[in-house]
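First up is the structure itself, then whatever we jot down about it.
The values are calculated or read from the model by the stated rules, or taken from the named source; none is laboratory data. What you see is a predicted model, and the numbers here were worked out from it, not measured in a lab. Please note: Cβ atoms are built from the backbone with ideal geometry, for glycine as well, and neighbour counts cover all protein chains shown.
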Amino acid sequence: MRTVSVDLQGREYTIYVGAGVRERLASVVAGLPGAHQVAVIADGHVAKLHLEKVVAGLDPPPTVLTVPPGESSKSREAAGRLYDGLAEARIERGDLIITLGGGMVGDLGGFVAATWLRGIRFVQVPTTLEAAIDASVGGKTGLNHPAGKNLIGAFHQPSAVVIDTDLLATLPQRDYTAGLGESVKHAAIRDAAFLAWQESNAEAIAAREQDVLTELIARNCEIKAAVVIRDEREQNLRAVLNFGHTIGHAVEHVLEYDLRHGECVALGMIAANELACARGLLDRSVADRIARLIGRLGLPRRLPRAVDTREIVEVCRMDKKVRAGRVHFVLLRELGTPERVGDVSEEEIGAAVRAIQPA
Ligand SMILES: NC(=O)c1ccc[n+]([C@@H]2O[C@H](COP(=O)([O-])OP(=O)(O)OC[C@H]3O[C@@H](n4cnc5c(N)ncnc54)[C@H](O)[C@@H]3O)[C@@H](O)[C@H]2O)c1
Ligand SMILES: [Zn+2]
């Protein structure tokens, strides 16, 4: 087992990572004094696969509230039904919510915990790689609104995060691989040694070997925690986590969500590196190294079908990272050294997108 300690907003919590760490859940709950009752908010699909073994040690047994799988459950309506369930179960101020599932249920259940009785404690049990290495650190919780994703939200830190790598075994290969996009991103912006480690272990990572997977998750949590902790003091540092996300989000939007988020981030990083190379900011050999690792991990290096480059440019311009008409980008100067630039032209974006068009 590996543990990662996160100290945010004066509240420290521990992330436990490893095969079988679900068995620690009961002692984690026992270590949170005053929690008389526990409510589990679970993704319905994940509940069928894993609920029984996750709650096995909890005494008294928790109230279980499930939501249908899929992003459409990250809604005000679903949150409303969960509040009804908490009211019926008489969940009180000192009680505890456990979220079980991917980033969708983590965000939804975390938001419900942040707002029920003005905020009660919650423990996350992430079951996707995306949730384990990204959504579980930083305390962002929220809901979607018909006008846009994550428009409703709150910062609410969990009391603990329990990442049992056994539970990730049932994740479809494509979803697992997509999560690796954020892992390459974390290494690229913060940790050259971690990138080299991923290169050395690419096959074992793709095969989800338990020890390698535990190490991968723990190191990603450490990197994300380091960035968000420093951001509390240095405002906007957190923006480097957007590496690969400007063109990535545009691709996600233009392809109408045919690609997974992490796949789009991989393409977005390749395009951003292309842009940085064209500016003479980044050495071509580093861009090639990152692109090679992306490919070896099973992530796409090119778009599955041709897209209209102008359409991508247009969506980038509408992105929230645009200020005063200029598109803001996170570019790499070298491995581990990102830089924010605010003067990227449409021509530069167009050229970068051409580099990820199908061959
Ligand atoms: N709060 C943050 O900082 C943050 C960061 C990144 C992403 N997010 C949010 O996370 C969400 C995406 O998360 P996600 O990619 O985990 O998607 P998700 O939670 O929708 O899960 C994806 C699919 O995998 C299934 N699944 C989950 N665990 C499984 C398992 N162990 N075995 C089999 N199937 C399993 C789910 O039922 C679902 O169908 C988005 O809403 C995004 O906005 C939040
Ligand atoms: Zn992302």
Report summary line: Across the range 240-276, the tally of residues that are of a type in the set (A, V, I, L, M, F, W, C), within 14 Å of ligand 1 (Cβ to nearest atom) and out of contact with any Gly (no Cβ under 9 Å at 6 or more places or on another chain) stands at 1
Report task. Being without any contact (Cβ under 8 Å) to a residue 40 or more places away in the chain and within 16 Å of ligand 2 (Cβ to nearest atom) is the filter here, so list the residues in the range 98-124 that pass it. Result -> Gly103, Gly106
Query raised in the report: When residues of the range 1-30 are filtered for being touching a residue at least 60 places away in the same chain (Cβ under 8 Å) and part of a loop (DSSP other than H, G, I, E, B), how many remain?
Result: 4
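Go over the candidates Glu222, Glu203 one by one and state the one that is assigned to a helix (DSSP H, G or I) and more than 15 Å from the chain's Cα centre (by Cα).
Answer to the check: Glu203.
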Report task. Mind counting the residues in the range 118-136 that are under 8 Å from the mean Cα position of the chain (by Cα), closer than 20 Å to Val28 by Cβ and either near ligand 1 (Cβ under 6 Å from one of its atoms) or not in a helix (DSSP H, G or I) (or both)? Result -> 3
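One line per residue, one yes/no per condition, for (1) closer than 25 Å to Leu282 by Cα; (2) assigned to a helix (DSSP H, G or I); (3) in the same structural domain as Leu25 (by TED's automatic domain parsing); (4) out of contact with any helix residue (DSSP H, G or I) (no Cβ under 8 Å at 6 or more places or on another chain):
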| position | (1), (2), (3), (4) |
| --- | --- |
| Ile163 | no, no, yes, no |
| Thr214 | no, yes, no, no |
| Ala218 | no, yes, no, yes |
| Arg238 | yes, yes, no, no |
Query raised in the report: Any idea which of (1) in contact with a strand residue (DSSP E or B) (Cβ under 7 Å, 6 or more places away or on another chain); (2) surrounded by fewer than 22 Cβ atoms within 10 Å (Cβ to Cβ) is the one Ala188 doesn't satisfy?
Result: (2)
Query raised in the report: Does Glu52 fit the bill of being touching a residue at least 24 places away in the same chain (Cβ under 8 Å), outside any strand (DSSP E or B) and out of contact with any Pro (no Cβ under 9 Å at 6 or more places or on another chain)?
Result: no
